[in-house]
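All remarks here apply to the structure that follows.
The values are calculated or read from the model by the stated rules, or taken from the named source; none is laboratory data. All figures in this text were calculated on a predicted structure; none of them were measured in a lab. Here the Cβ is made from the backbone with ideal geometry for all residues, glycine too, and neighbour counts use every protein chain on show.
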Amino acid sequence: MRESKTDKQTRAKEIFIRLESIYKGAKCALHFTSAWELMVATILSAQCTDKRVNIVTPILFKRYPTVNDFAKAEKEKLQEYIHSTGFFRNKAKNIIGAANTVVDNFGGKVPDTMEKLVTIPGIARKSANVILYVWYGKNEGVVVDTHVKRLSNRLGLTKKENPVKIERDLMKLYPRKQWGKLSYYMVDHGRAICKAPTPKCADCKLKDICPSSGRYL
C-alpha cells in the first residue's frame, strides 16, 4: 500500500524527534577557526574522512595563515600538504581558485549567500550549505552527503539518487529551522548505526518506523 503524503510527513516528524533525542548537539566534525578555514576543510573533505582532513589542516593553516597566502600558493607545494586527502591535484586547483575568487570578488571575506558561494571554485550547493549553516547560522538547505543520501533512502524519505533532488524532497518534509540539524543528526546516525553496507538495525531506535529495517534484521 502506497504511503500517503500525510503519513510520510508524520513519520518524517517522528524520525527527527527520535534522532534529536539521541544526537542533540551534533555538529560539523571539521576543525576550523574562520569561514575561510571551513571552506578549505570542506573542499578537502570530498571523498575523504573528516578525521583525515583534521590531521592535515593544522599544518596546512600554519603554512598558509590567510586567504591571501592560499591565493599566492604554488600548486605543486600545496599538493604536497594535502596529498593524503586524495584527489589532491584537483583539490589544490580548487583551493587556490577559491582563494583568488574570495580575494578578487569578495574583498577577502567568504560570502554569506548561496548565490555568491556557488560561484567559487570547488564550492557546489552541498559545500555552500555547510558554510552557510555552520559558520553563518543560515538554514538555506540540507547538506546531502553519502550518509544523508543513504539514510534518506532507507528511511523512505525519498526515492531519488541525485543529491540535489534528495535535498528538495527533504526540504519539503521538514521546516526550514530543522534543515541544518537534520543533516548532522543523520550523519551521526549513519556513522554509528545505519552503516554501509550493513546497518545495525537491531540496535536502531528507528527500526519500528523504518521501511528498510526488515531487509537487514
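With the requirement that a residue be within 14 Å of the chain's Cα centre (by Cα) and among the hydrophobic types (A, V, I, L, M, F, W, C), what does region 171-208 give you? Passing the criteria: 179, 182, 186, 187. State all residues of region 98-128 that are over 19 Å from the mean Cα position of the chain (by Cα) and farther than 26 Å from residue 51 by Cβ; if no residue qualifies, say none. Scanning region 98-128 gives 100, 101, 102, 103, 104, 105, 106, 107, 108, 109. Summed over region 1-22, residues that are surrounded by 11 or more Cβ atoms within 10 Å (Cβ to Cβ) and either assigned to a loop (DSSP other than H, G, I, E, B) or among the β-branched types (Val, Ile, Thr) (or both) total 4. Of the residues in region 31-53, at least one is surrounded by 14 or more Cβ atoms within 10 Å (Cβ to Cβ), charged (D, E, K, R) and in contact with a Leu (Cβ under 6 Å, 6 or more places away or on another chain).
Consider region 136-161 and keep the residues that are under 15 Å from the mean Cα position of the chain (by Cα) and polar (S, T, N, Q). The one that is farthest from residue 197 (Cα to Cα) is 139.
Yes/no per residue for (1) more than 29 Å from residue 139 (Cβ to Cβ); (2) over 17 Å from the mean Cα position of the chain (by Cα); (3) modelled with pLDDT of 95 or more:
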position: 25; (1), (2), (3): no, no, no
position: 52; (1), (2), (3): no, no, yes
position: 85; (1), (2), (3): no, no, yes
position: 96; (1), (2), (3): yes, yes, yes
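Restricting attention to region 198-216, which residues are part of a loop (DSSP other than H, G, I, E, B), loosely packed, with under 10 Cβ neighbours inside 10 Å and either of a type outside the set (S, T, N, Q) or touching a residue at least 40 places away in the same chain (Cβ under 8 Å) (or both)?
Here is the first cut: in region 198-216, the ones part of a loop (DSSP other than H, G, I, E, B) are 198-200, 204-212, 216.
Subset that is loosely packed, with under 10 Cβ neighbours inside 10 Å: 198, 208.
208 - this is the single residue of region 198-216 that is part of a loop (DSSP other than H, G, I, E, B), loosely packed, with under 10 Cβ neighbours inside 10 Å and either of a type outside the set (S, T, N, Q) or touching a residue at least 40 places away in the same chain (Cβ under 8 Å) (or both).
Scan 158, 198 and give me the residue that is at pLDDT below 95, over 17 Å from residue 17 (Cα atoms) and among the β-branched types (Val, Ile, Thr). Going through 158, 198 in turn, the sole match is 198.
The one condition from (1) touching a residue at least 40 places away in the same chain (Cβ under 8 Å); (2) over 23 Å from residue 86 (Cα atoms); (3) outside any helix (DSSP H, G or I) that residue 25 does not meet is (1).
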